[in-house]
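*Asks:* Got a structure for you, questions after.
The values are calculated or read from the model by the stated rules, or taken from the named source; none is laboratory data. Note that the structure is a prediction, hence the values are computed from the model and not measured. Here the Cβ is made from the backbone with ideal geometry for all residues, glycine too, and neighbour counts use every protein chain on show.
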Amino acid sequence: MKRAPLLAALLLVLSVVPVRAVYVERMVVIGDSITACCWARGATWPTTVSGDLPQITLVANAGVRGNKTADMLARLPLVLSEHHPDVVIILGGTNDDMHNTGRANAMANLRAMVDLVKASGAVPILMTLPPNPHGVTQWNADITALATDEGIPLVDIWAVLGTSGTQWLPGMTDDVLHPSTPAGQAAIVGAIKPVLNALYPLG
């Protein structure tokens, strides 16, 4: 039996084939219409992130149009039990802000969501809010402080979308509320990918 030549050939093939990640992290995104991307033109940020990063796969987009943080919190236990994610990106607060339901209450809801994700064994990631007509400066300061207090990653999408709490960078929106343009979606992807790559580096 001529096993030695076959073994040598196999080892040669393995030596030139690039080694890819043998794990895939299951990602869930939860939020409102900014996450659901029902208004987006072209590729959406959750699917693009999943497509661009071989170590990440999107298992559920749990964004629901019109959701406030209380709605997201109520839905989260079922989302976690159904999809068993490794990482959960949380984007919430815009509808609370627009409907004046209270920033302190919204931050308590976001903290409760973070704690639920941690308790499930997944990694929570918070996102800042994009600009809106009511302004988001204090909201984003509070979200940043919450991420620091909880010791979790933060994706600052405002930094790549806005010039102030109410003003958008040119080309990022069609409706002054959603990052509805391809440039807006691409900007969010560009902000998220370094955070995920740092958490789950390809080896």
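*Asks:* Given (1) farther than 16 Å from Gly31 by Cα; (2) hydrophobic (A, V, I, L, M, F, W, C); (3) at pLDDT below 95, where does Ala159 come up short, assuming only one miss?
*Replies:* Exception for Ala159: condition (3).
*Asks:* Specify which of the listed residues (Asp115, Asp71, Asp86) is under 15 Å from the mean Cα position of the chain (by Cα) and charged (D, E, K, R).
*Replies:* None of the other options fit; the residue is Asp86.
*Asks:* What is the residue count in the range 77-93 for residues that are farther than 11 Å from Leu110 by Cβ, surrounded by 15 or more Cβ atoms within 10 Å (Cβ to Cβ) and of a type in the set (A, V, I, L, M, F, W, C)?
*Replies:* 5
*Asks:* Another one. Does the range 84-106 hold any residues that are within 20 Å of Leu199 (Cα to Cα) and of a type outside the set (D, E, K, R), and which are they?
*Replies:* His84, Pro85, Val87, Val88, Ile89, Ile90, Leu91
*Asks:* If you don't mind, there's one more thing I want to ask. Which count do you get for residues in the range 103-129 that are closer than 12 Å to Gly93 by Cβ and touching a strand residue (DSSP E or B) at 6+ places or on another chain (Cβ under 6 Å)?
*Replies:* Selection size over the range 103-129: 3.
Condition check ((1) assigned to a helix (DSSP H, G or I); (2) more than 14 Å from the chain's Cα centre (by Cα); (3) surrounded by 14 or more Cβ atoms within 10 Å (Cβ to Cβ)) across all residues:
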| position | (1), (2), (3) |
| --- | --- |
| Asn95 | yes, yes, yes |
| Asn140 | yes, yes, yes |
| Asp149 | yes, yes, no |
| Ile152 | no, no, yes |
| Thr166 | no, yes, yes |
| Ile188 | yes, no, yes |
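*Asks:* Kindly indicate which of Asn197, Asn109, Asn132 is surrounded by 17 or more Cβ atoms within 10 Å (Cβ to Cβ), polar (S, T, N, Q), in contact (Cβ under 8 Å) with a residue 24 or more places away in the chain and assigned to a helix (DSSP H, G or I).
*Replies:* Of Asn197, Asn109, Asn132, the one residue that is surrounded by 17 or more Cβ atoms within 10 Å (Cβ to Cβ), polar (S, T, N, Q), in contact (Cβ under 8 Å) with a residue 24 or more places away in the chain and assigned to a helix (DSSP H, G or I) is Asn109.
*Asks:* Could you go through the range 97-106 and let me know if any residue there is surrounded by fewer than 19 Cβ atoms within 10 Å (Cβ to Cβ), over 28 Å from Val176 (Cα atoms) and either over 17 Å from the mean Cα position of the chain (by Cα) or free of Cβ contacts under 8 Å to residues at least 12 places away in the same chain (or both).
*Replies:* no
*Asks:* Scan the range 147-170 and report the pairs whose first residue is closer than 21 Å to Lys118 by Cβ and hydroxyl-bearing (Ser, Thr, Tyr) and whose second residue is in a helix (DSSP H, G or I) and at pLDDT below 95, with Cβ atoms within less than 8 Å and a gap of 6+ or a chain change.
*Replies:* Listed pairs, sorted by first residue: none to list.
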